[in-house]
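Worksheet: the structure to be examined is printed underneath.
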Ligand code: CDP
């Protein structure tokens, strides 16, 4: 049987990974999985339950009460936390401010990675995150490592949140992105790092169409 194709997209916060991943999945009829949404949904669970984030044992025990599911509609990935659609709420600042702390905990990562690997076992898929090409799918056929100027990244995220009616400032977003990048690249457990065989994609000056063309070009050998 032909092996399924996995496209792993990793990179810094808010640099358009999910925009590219969704566009690729749509064009190629692949499944799209937003691994960041899983860490965000877990974080939302802890915030809602007012779990003391310094108490690792409480956090680990709670994993048994967290059920995450994806369903996709029109190539938009929706995430369900214990059956409730939380796709919008997980993008809000309280989650953004706490997610990297939660994502640095080994046991949380192990649980998420297990679920992600199960999803990628048999289907063609695009998955984006921080450790997809290094830890989740080290054998992925195509790995992209995305980056962009931090100021541009903050402006893009600011526009996105403002369009949804969120009360946020550009400075707050810039700080959050810088802080998450710091936490994600310096943590002990599977830090954000470029896999040796990942292709760098700096989209500071690229349109969405240009970055999609770039990815397709690199995928061509696997699309026959
Ligand atoms: O969309 P954005 O770049 O803002 O972030 P995201 O992909 O939604 O991920 C949110 C956070 O989850 C990241 O800052 C990481 O701390 C964590 N994450 C991770 O540790 N590993 C992944 N595979 C995906 C996300």
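Derivation of every value follows stated rules applied to the coordinates shown; laboratory data play no part. Bear in mind that the values here come from a model prediction, so they are computed numbers and not experimental data. Note: ideal-geometry Cβ built from the backbone for every residue, glycine included; neighbour counts use all protein chains shown.
GNM remark for the chain: springs join alpha carbons under 10 Å apart, and the peak mean-square fluctuation among 65, 78, 29 falls on 65.
Cα-based radius of gyration for region 96-207, normalised by 2.2 N^0.38 Å, reads 1.16. Pairwise Cα distances in region 1-116 exceed 23 Å for 31 percent of all pairs. For the chain, the relative contact order works out to 33 percent when only alpha carbon pairs closer than 8 Å and six or more residues apart are counted.
Using 0.36 nm per residue and subtracting the Cα-Cα separation, the extra length available between residue 26 and residue 167 on full extension is 47.6 nm.
Label-to-label distance for residue 122 and residue 80 is 2.0 nm, based on points extended 7 Å past Cα in the beta-carbon direction. Given R0 = 22 Å, the distance between the Cβ atoms of residue 110 and residue 49 translates into a calculated FRET efficiency of 0.60.
Can you pull the percent of Cα pairs in region 141-224 with separation above 18 Å? Looking at region 141-224, the distances longer than 18 Å represent 58 percent of pairs. Peptides 3-16, 151-164, 48-61 ranked from most to least packed by the mean count of surrounding Cβ atoms within 10 Å: 3-16, 151-164, 48-61. Each Cα pair of region 6-222 feeds into the Kirkwood radius, which the Stokes-Einstein equation turns, at 4 °C and 1.567 mPa s, into a diffusion coefficient of 74 µm²/s.
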